[in-house]
Amino acid sequence: MREQALPDWTEFADIDPDQVKKSYTQAQQQRSTRHVLPLWLDQFAAQALGDELWTRELANLDQIAPVFVRVNRLKATSRQVIESLAKNDIKAQSLASLPDALHITERKNIAASNAYRKGWIEIQDAGSQQIAPFCGVQAGMTVIDACAGAGGKTLHLAALMQNKGTIVAMDTDRHKLEVLEQRAQRAGISIIRTRHLKNPKIIERYQFSADRLLLDVPCTGLGTLRRHPDLKWQLSPDRIAQILTLQADILARYSTMLHPEGQLIYATCSILPAENEAQIAHFLQKNTEQSPNNDLFTLLQQQHISPAQTGFDGFYMAKLRRTQL
């Protein structure tokens, strides 16, 4: 805190500078004050993750978010994109761990670049870019992205499938699907079919049809606080409870669209165990040999993306195989 003498004003006559400094020091010792978030949320996350891990994650989530783009391999290579961006005075660096990701080292208007306008790149966090490869898609598959939104991961899936096969992109928000359709056209992708989830019969219509089912479910978004700090003030204990109920409902109802031996990929941009491994454990417990529909789901793999460890947004993903007894 930079010290400065108070003006000789009557309004300041009863202020004790030493007491102000003492109060400031005490406030800075409280984590919720340092990181400007509700006390209840700080306590809730610390209890869920452990005090030490939450402190590390929060320190990273309080930083300015880096900018990443994903190279659309259907149209360009990383080298072509880097060279094209350089012509627009935008510096980009490749990431050894993610072949399609580029780090934009200076904040510039990416959407105005030639590479973006030509559909060579999409703006997408490096953590988010790990979900589509995790799905293990192949050309010719039938894939359902049932919570597609504006389609960042949907477009990545299509590129990994070499624009061969079928992707059904579903969402309850029609406007987001319209944005996805526009993005797909710019990216040169033709295998995406959008479906507005305006009634449950659409889910019934696609029963047992998907080789891969991606459920990138609504969540608290705590792994993306760097980009959406307002989320801290939109959440409440009741809202978190509602989200957990919604996630469980989506898992139960949407999983019927997966055919036997197909794989379900569950993903969130949260770092809370209740939304992640605990949600999957609850789903698996309900889908055992004793389940009413004789379905059995087996956990194949799960992965956490920690902001503190990677510098990326926080994500969780789990891959399950469905068998029918």
Hits in segment 273-298 (condition: at pLDDT 95 or above and either among the small types (Gly, Ala, Ser) or in a strand (DSSP E or B) (or both)): Ala274, Ala278, Ala281
Gln124 - would you say it is surrounded by 13 or more Cβ atoms within 10 Å (Cβ to Cβ) and either assigned by TED's automatic domain parsing to the domain that holds Ser270 or closer than 19 Å to Pro307 by Cα (or both)? yes
Any residue in segment 238-261 that is surrounded by 13 or more Cβ atoms within 10 Å (Cβ to Cβ) sitting within a Cβ distance under 6 Å of a residue that is of a type in the set (Phe, Trp, Tyr) and part of a helix (DSSP H, G or I)? List the pairs, counting only those 6 or more apart or interchain. Leu251/Phe283
Cβ contacts < 8 Å: first residue over 13 Å from Cys147 (Cα atoms), restricted to segment 175-198; second residue small (Gly, Ala, Ser) and surrounded by fewer than 20 Cβ atoms within 10 Å (Cβ to Cβ), any location; separation 6+ or different chain. Result? Val179/Ala150; Arg183/Ala150; Ala184/Ser190; Arg186/Gly119; Ala187/Gly119; Gly188/Gly119; Ile191/Gly165
Go through (1) of a type in the set (A, V, I, L, M, F, W, C); (2) assigned to a helix (DSSP H, G or I); (3) under 23 Å from Trp54 (Cβ atoms); (4) touching a residue at least 24 places away in the same chain (Cβ under 8 Å) one by one and return the number of the condition Cys219 breaks. (2)
Tell me which helices (runs of 4 or more DSSP H) are completely within segment 20-90 and hold 2 or more residues being within 23 Å of the chain's Cα centre (by Cα) and modelled with pLDDT of 95 or more, or say none if there are none. 39-49, 51-61
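The values are calculated or read from the model by the stated rules, or taken from the named source; none is laboratory data. Quick caveat, the model's predicted, so the values are computed rather than measured. Positions of Cβ are backbone-derived with ideal geometry, glycine not excepted, and every protein chain shown enters the neighbour counts.
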